[in-house]
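Each remark here refers to the structure printed beneath this line.
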Amino acid sequence: IKDSLSPDMSKTFVIRHIKDVDAGITARKGDLMEVEYEARYGNKNGPMFDSSNGRGTGQPFQLVLGTGDVIPGVDQGLFGMKAGEEREIEIPPALGYGPAGSA
């Protein structure tokens, strides 16, 4: 991913709560999580470059929260989530793949 492909990406970290859940245990460091996601360039309407469905397993993506299994912005954006909650996370390059991207 090249930073130049997403010029409108904010330099700030933003979490938007799409669907809140009142009850349940909140995710914390060391928790095993299963997530379904879409990763897009620039904004929620930008071209998709990765997704849990695109991995071809038919299963949600699994990660251990706070252990570096994913980029820092994803780790930070998932803290405190509850089962069934939906979030939209804007991740600046510094918490993603950096200015040089992943390519």
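The values are calculated or read from the model by the stated rules, or taken from the named source; none is laboratory data. Note that this is a predicted model, so its numbers are computed, not measured. Accessible surface areas use protein heavy atoms only, side chains included; no ligands, DNA or RNA. Shrake-Rupley method; radii C 1.70, N 1.55, O 1.52, S 1.80 Å.
At 0.36 nm per residue, and after removing the present C-alpha to C-alpha distance, how many nm does the segment from VAL14 to LYS29 gain when stretched out fully? If you can, show how the numbers build up before the last one.
Numbers: separation 15, 0.36 × 15 = 5.40 nm, distance 1.98 nm.
Answer, rounded to one decimal: 3.4 nm.
Take the solvent-accessible surface of the protein heavy atoms, probe 1.4 Å, and return the percent of it on region 38-103 that carbon and sulfur atoms account for.
Values: 1870 of 3720 Å².
Carbon and sulfur atoms account for 50 percent of the accessible area of region 38-103.
Which far-off residues, 5 or more places away or on another chain, put their amide H under 5 Å from the one on ASP50, with H placed in the peptide plane?
ALA39
How much accessible area per residue does region 39-103 have, in Å², with a 1.4 Å probe?
On the way: 3600 Å² over 65 residues.
With the other protein chains kept in place, region 39-103 gives 55 Å² per residue.
Using square roots of five times the C-alpha gyration tensor eigenvalues, list the equivalent-ellipsoid semi-axes of region 56-102 in whole Å, biggest first.
On the way: eigenvalues 80, 40, 23 Å².
In descending order, the three semi-axes are 20, 14, 11 Å.
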